[in-house]
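See structure below.
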Amino acid sequence: MSTTFKETTKNLRFSEDRLGINYLGSANLPTATDDGKDIIGGLTQRPKSLPPRYFYDQKGSQLFEQICELPEYYPTRTEAEILQQYAVDVAQFTGACELVELGSGSSTKTRLLLDAYENQGYPLRYVPIDVSGEILEESAKQLLLDYPKLKVQGQVGTYEHALSQLTPTPLPKRMVFFLGSSLGNFAPEQCDRFFEQITGLLAPGDYFLLGIDLQKPKEILEAAYNDSQGVTGAFNLNMLAHLNWRFQGNFDLDRFTHQAIYNQSESQIEMYLHCQETHVVRLASLDLTVEFQAGESMLTEISRKFNVEQMQHYLNGRGLNTVQAWTDTKQWFGLLLCQIQRYS
């Protein structure tokens, strides 16, 4: 976010019926009282790993917004192209509905959906969910300036926590949407739990809009996660800085390097931090001391790549029937609109 943008929005005030933001305590971004069990578990297992939820402090969220603008990082612009072409179709399929976005960030692509619903004459009610309260609030205020009839009820927290706190919508239907390639960050068992919650939340006739990154040549995928400007590397390393601040740690970022590789057999990008020299790290508030060996790798994220037909079959098996599936001309990215069904 630029300074100009922050200065424009930080002092804006809106009526309670147009803007509400609910901070859900120790959600994805842990608070000072977070016990850090996931950090302890990840750093004491072999091989080591770190939970990707720690990417998203304020700086991490800003770095991810920069990643989305990189020439090598195709998912954001490719999905935006699909939405530009088909957002009106989405609005016509669903009719008037509350829009609930998981991982809203700066809500850039959301505008394409808001425009489509506004052009259909539907009421605009938007529920952004994100772990960065500052970015969510700034984005919400800018949206309220640009869409005078919009109402926003933001939720700051994890998907799981925020979804469980949703209140009944005053509109005829609800559409939860999960854009970008974030579903790929979930391991299969996490995916199963996620969709159990989604189908438990949605009522019959509600909708779910999903963006998925599709399988493609290794060289395209690896370039997207090892960009020439080093922004993805900075994003990966910033997790260590976040842990230093959050848990009184002494990670030396200069002792680690970023690398992303494509695991062909698992159809997933794997992002690592490689240790360059043997040393010891202390996280004082967790009473945790960890030894790192030179050459040791620490997994920080996976990004699975999907097949449209296989994903449709998976979703249909969970009561999310595909209404329509769209891809770009290169078939690099997919957008699936599903509707919830209940089986007796």
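Select from the stretch 166-180 the residues that are open to solvent by 10 Å² or more (accessible area, probe 1.4 Å) and either part of a strand (DSSP E or B) or more than 15 Å from S104 (Cβ to Cβ) (or both) and list them in ascending order.
T167, P168, T169, P170, L171, P172, K173, R174, listed by residue number.
Does the stretch 261-306 hold any residues that are open to solvent by 50 Å² or more (accessible area, probe 1.4 Å) and assigned to a loop (DSSP other than H, G, I, E, B), and which are they?
Within the stretch 261-306, Q264, S265, E266, Q276, E277, T278, D287, Q293, A294, G295 meet the criteria.
Which residue is surrounded by the most Cβ atoms within 10 Å (Cβ to Cβ), if the candidates are limited to the stretch 149-165 and must be within 15 Å of the chain's Cα centre (by Cα) and in a loop (DSSP other than H, G, I, E, B)?
Step by step, filter the stretch 149-165, then rank; the result is G157.
Yes or no, residue by residue, for (1) more than 20 Å from F14 (Cβ to Cβ); (2) at pLDDT 95 or above:
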| site | (1), (2) |
| --- | --- |
| L99 | no, yes |
| S104 | no, no |
| S107 | no, no |
| E118 | no, yes |
| V127 | no, yes |
| V131 | yes, no |
| I135 | no, no |
| D146 | no, yes |
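Quick check: anything in the stretch 315-322 within 20 Å of Y86 (Cβ to Cβ), part of a helix (DSSP H, G or I) and free of Cβ contacts under 8 Å to residues at least 24 places away in the same chain?
No, the stretch 315-322 contains no residue that is within 20 Å of Y86 (Cβ to Cβ), part of a helix (DSSP H, G or I) and free of Cβ contacts under 8 Å to residues at least 24 places away in the same chain.
Can you tell me how many residues in the stretch 94-123 are closer than 21 Å to F64 by Cβ and small (G, A, S)?
Count: 5.
Collect the residues in the stretch 79-100 that are within 19 Å of F333 (Cα to Cα) and open to solvent by 10 Å² or more (accessible area, probe 1.4 Å), keeping them in residue-number order. Give the steps one after another, and end with the answer.
Applying the first criterion (within 19 Å of F333 (Cα to Cα)) to the stretch 79-100 yields 79-90.
If the condition is that a residue be within 19 Å of F333 (Cα to Cα) and open to solvent by 10 Å² or more (accessible area, probe 1.4 Å), then A80, E81, Q84, Q85, Y86, V88, D89 are the ones that fit.
Would you check if there is a residue in the stretch 45-63 being free of Cβ contacts under 8 Å to residues at least 12 places away in the same chain and either assigned to a helix (DSSP H, G or I) or surrounded by fewer than 20 Cβ atoms within 10 Å (Cβ to Cβ) (or both)? Steps first, answer last, please.
So in the stretch 45-63, the residues free of Cβ contacts under 8 Å to residues at least 12 places away in the same chain come out as 45-46.
Checking which are either assigned to a helix (DSSP H, G or I) or surrounded by fewer than 20 Cβ atoms within 10 Å (Cβ to Cβ) (or both) leaves us with 45-46.
Scanning the stretch 45-63 turns up at least one residue that is free of Cβ contacts under 8 Å to residues at least 12 places away in the same chain and either assigned to a helix (DSSP H, G or I) or surrounded by fewer than 20 Cβ atoms within 10 Å (Cβ to Cβ) (or both).
Can you tell me which residues in the stretch 188-226 are outside any helix (DSSP H, G or I), under 27 Å from A87 (Cα atoms) and not small (G, A, S)?
Within the stretch 188-226, the first condition is being outside any helix (DSSP H, G or I), and the residues that meet it are 202-217, 226.
Narrowing further to those that are under 27 Å from A87 (Cα atoms): 202-216.
Of everything in the stretch 188-226, those that are outside any helix (DSSP H, G or I), under 27 Å from A87 (Cα atoms) and not small (G, A, S) turn out to be L202, P204, D206, Y207, F208, L209, L210, I212, D213, L214, Q215, K216.
Considering (1) open to solvent by less than 50 Å² (accessible area, probe 1.4 Å); (2) over 30 Å from V280 (Cβ atoms); (3) part of a helix (DSSP H, G or I), say which one A241 fails and leave the rest.
That leaves (2) as the condition not met.
The values are calculated or read from the model by the stated rules, or taken from the named source; none is laboratory data. On a predicted model such as this, the values are computed, not experimentally measured, just so you know. Cβ sites come from the backbone with ideal geometry, for glycine too, and all protein chains shown count toward neighbours. Protein only, heavy atoms only, side chains kept; ligands, DNA and RNA dropped before computing areas. Shrake-Rupley method; radii C 1.70, N 1.55, O 1.52, S 1.80 Å.
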